[in-house]
Amino acid sequence: MQNSSAPQAVPNSSGTAPPRLKAPANSADCHIHIYDPRFPPQVAKPTNATAQDYRLLQKRVGVTRVVIVTPRCYVIDNSCTVDAIAQLGIANARGVGVLRPAVTDAELKSLDAGGIRGIRFTVANPETAAVSVDMIEPLAKRIAALGWHVQLNMEPEQIADNARMLQRLPATIVFDHMGKLTFPGGMQHPAYRVIRGLFDAGRAWVKLSGAYLDTSKGPPGYADGTALAQSYVRAAPERLVWGSDWPHPSAKQPPDDAALFDLLAQWAPDEAIRNRILVTNPQALYGFPKFSSA
């Protein structure tokens with residue numbers, strides 16, 4: 001007879017052991033994707049990663065809240081994301097969609113009711129991108145009144161080249177994966193100055209995620225990202241959130257999600273700051289319900 005308490009493998013994740021770091025109550029994983037076969041992709045068939053699959057990762061890592069980001073394969077169809085929010089419960093799930101400027105006010109209102117709180121721009125490769133850099137500013141003006149943010153998955157060179165446009169955006173900015181500066185270049189890249197200028201001025205947030213995406217050091221420590229993450233923690237811990245990036249669509253081999261979570265102990269050694277990154281900050285950025293600690 002199988003032991004129900006035995007560690008259970010999580011799809012698209014290596015290892016089965018829990019993290020050494022204990023997640024505080026109401027911790028949020030602020031960057032995942034859902035690929036559900038009930039919603040056929042428009043481009044590139046992904047690995048299935050359903051809301052039920054993700055519940056296994058929540059159980060393993062200890063997080064209870066989540067932010068689902070519409071992946072590239074669904075282009076501008078956010079149905080899968082909104083459906084996953086409903087499955088996981090809107091009290092504990094939010095989403096970031098992908099839109100183009102032709103979106104109607106009625107659609108924006110419907111997405112807001114469904115838990116969407118931002119729009120993402122993945123623009124590295126124009127041949128595969130669903131959106132483009134020239135859409136960022138007009139869409140930012142559309143969603144600012146909703147209190148949504150603009151989430152940027154841009155190459156460092158694109159961040160540096162578009163610094164003036166980013167500085168005049170009316171909406172809050174969230175940089176994916178630490179600005180994608182883990183390697184190469186790191187804090188010496190001109191994009192770091194752009195991000196830090198917005199970050200230090202209170203205009204931008206940073207996701208502590210994606211340490212495994214561009215690394216010369218590899219697991220389990222992904223040391224390339226340590227100094228970068230620590231610089232953000234020192235600068236403004238009140239504008240940081242953490243994300244697993246499950247199911248790791250860009251990884252050649254699935255990383256160990258427990259090890260990724262444990263990086264926070266090194267990046268933010270102070271427990272109070274980690275709690276802020278995992279609990280308080282997601283409440284502020286995504287509008288999760290606040291719970292009294294009393």
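None of the figures in this text is laboratory data; all of them are computed from the coordinates on show. In this text, all values refer to a predicted model and were calculated from it rather than measured experimentally. Cβ: placed from backbone, ideal geometry, glycine included. Neighbour counts: every protein chain shown.
General observations
- For the chain, a simple Cβ point-charge model (Lys and Arg +1, Asp and Glu -1, everything else neutral) yields a dipole of about 500 debye relative to the Cα centre.
- Protection-proxy order for peptides 77-88, 171-182, each taking the mean of Cβ atoms within 10 Å per residue, highest first: 171-182, 77-88
- Mean residue ellipticity, 222 nm, helices only, the chain: the sum of -39500 (n - 2.57) across DSSP H runs of n ≥ 4, divided by residue count and rounded to 500, is -8500 deg cm²/dmol.
- Rg ratio (alpha-carbon, reference 2.2 N^0.38 Å) - region 126-190: 1.16
- Sites D270 and Q87 - FRET efficiency at Förster radius 30 Å, r taken between beta-carbons, to 0.05: 0.30
- The largest-to-smallest principal axis extents of the Cα set in region 95-228 are 47, 30, 29 Å.
- Mean Cα-pair separation over length for region 154-294, i.e. relative contact order, pairs under 8 Å, 6 or more apart, %: 20 percent
- Simple label model, 7 Å out from Cα along Cβ direction - D105 to A163, nm: 3.8 nm
- Whole-percent P(r), the chain, all Cα pairs, 5 Å bins from 0: 1, 5, 13, 17, 20, 19, 14, 7, 2, 1, 0, 0, 0.
- For region 28-286: relative contact order, % (alpha-carbon pairs under 8 angstrom, 6 or more apart): 17 percent
- Radius of gyration and maximum dimension Dmax of region 1-95, Cα, Å: 14.1, 46
- 12 Å Cα-Cα reach of K252 towards aspartates and glutamates, excluding residues that sit fewer than 8 places from it in its own chain: D214
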